[in-house]
Amino acid sequence: MAGDIETAAELRELYRAAEARAARLRLLSLSGRELVQAEPGSMDSILRKSAERLALFLGSRSGSFTRDPKSSGFPITIPGKGNLGHAAVVVAGFRSLDDIIDKEDRDACQTLLGMMGSAIDRADREDAVESLLETLKDREIRLEQLVSRIFSAQEDERRRVAHDLHDGVAQSATALVRMLERSADLAHRADDADASARTIEVARGLVKELRRVIAGLRPTILDDLGLIAALHALADALEQDGYSVSRRIDDDFRRLPGYAETALYRVAQEAFSNIRKHAGGPCPVIIEATSGSDPYGPSLRITDNGHGPQNAASGHAATNDGHQVGIEGMKERLAVIGGSLDWGVGEHGGVIVEARLPGAGQR
């Protein structure tokens with residue numbers, strides 16, 4: 001009979017021990033899963049829930065979580081930040097972990113507190129990263145707005161100068177041509193007629209040059225019809241000078257922000273100017289404009305089959321100082337808006353200029 005009683009007591013002890021182990025596993029598994037899956041925004045509510053679950057496990061009537069490290073209770077430490085508590089779990093009836101009599105229960109509580117510390121650290125890091133990303137996005141937006149204002153101010157000044165030239169100097173030069181033409185009609189002596197003819201030719205050249213300068217300062221077609229129309233206008237002018245121009249432009253090429261269209265237009269303008277100066281005469285020229293798609297943005301590629309600048313090496317600017325300045329100017333303009341420019345000598349001679357803008361995902 002005594003043996004049966006001892007056996008029953010052992011069984012009850014084993015049963016209670018098994019229940020205690022099961023309770024510890026349930027405490028750690030449930031809280032651990034919730035802490036791992038918790039988002040930074042919901043982390044505090046999950047931590048409070050874990051504190052309440054810990055209180056129930058210890059048989060207390062209440063438990064709470066606090067981020068006040070000075071609160072009395074079970075301290076929560078953050079990995080890598082020393083042994084000082086950075087938060088705490090307050091359980092009614094317990095001042096410290098030493099008040100937990102069962103060692104295995106105390107170890108389980110310490111494990112849960114460690115998991116809570118790791119979760120707090122992860123959430124804080126994610127919050128810091130998110131805050132940094134928001135700051136960077138805000139700075140990018142402000143930088144883009146600043147660049148836009150800078151380009152707009154620059155182009156507005158060009159537009160103003162072009163307007164002043166058109167309404168002032170160009171009109172006066174045109175009037176001068178008309179007056180000289182009338183004077184030539186009235187001339188009787190041959191030498192006077194020849195002198196008048198030469199003067200008229202100079203005046204006509206002045207008007208032509210002024211119109212070219214005005215168009216270069218700020219082409220109205222860029223404002224009115226956009227980049228593609230402006231590129232066609234540049235190509236038409238190049239064809240009038242005897243060059244053969246092939247155009248390969250994506251049908252879905254859409255309007256870009258003003259500063260982006262201006263940057264690409266200035267690249268094309270400089271490239272065509274260099275072709276006239278350095279290609280060695282009329283030659284085939286190819287213009288390619290692609291709309292791009294993430295992660296790649298719109299691009300502009302201009303290729304000529306001329307002789308190119310002397311002493312040019314692939315990927316490097318020529319030794320000609322004027323050409324060097326033009327290439328560097330194009331690179332700087334593209335770099336300011338997050339784009340890039342490559343310049344080099346083609347496989348069969350000539351020069352290749354390629355400008356690329358960032359895709360939407362890279363801005």
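Readers should treat all values here as calculations from the given coordinates under stated rules, not as data from a laboratory. In this text the structure is predicted, and so the values were computed from the model without any measurement. Positions of Cβ are generated from backbone atoms using ideal geometry, with glycine treated the same way; all protein chains shown enter the neighbour counts.
At a glance:
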{"quantity": "Point-to-point label distance, Arg33-Arg67, nm (Cα→Cβ direction, 7 Å offset)", "calculated": "2.8"}
{"quantity": "Extension gain, Gln145 back to Asn305 (0.36 nm per residue minus Cα-Cα distance, nm)", "calculated": "53.7 nm"}
{"quantity": "Local net charge near Glu34, Cβ-Cβ under 10 Å (Lys/Arg +1, Asp/Glu -1)", "calculated": "+3"}
{"quantity": "Amide H within-cut-off set for Arg247, under 5 Å, with H built and near neighbours excluded", "calculated": "Ile287"}
{"quantity": "Cross-link reach list, lysines versus Lys277, counting only Cα pairs under 23 Å and skipping chain neighbours closer than eight places", "calculated": "Lys208, Lys331"}
{"quantity": "Straight-distance crosslink candidates among lysines, where the alpha carbon sits under 20 Å from Lys70 and sequence neighbours closer than 8 are dropped", "calculated": "Lys81"}
{"quantity": "Along each principal axis, Cα extent of region 216-268, largest first, Å", "calculated": "33, 28, 18"}
{"quantity": "Cα-based Kirkwood hydrodynamic radius, region 18-136, one decimal, Å", "calculated": "14.7"}
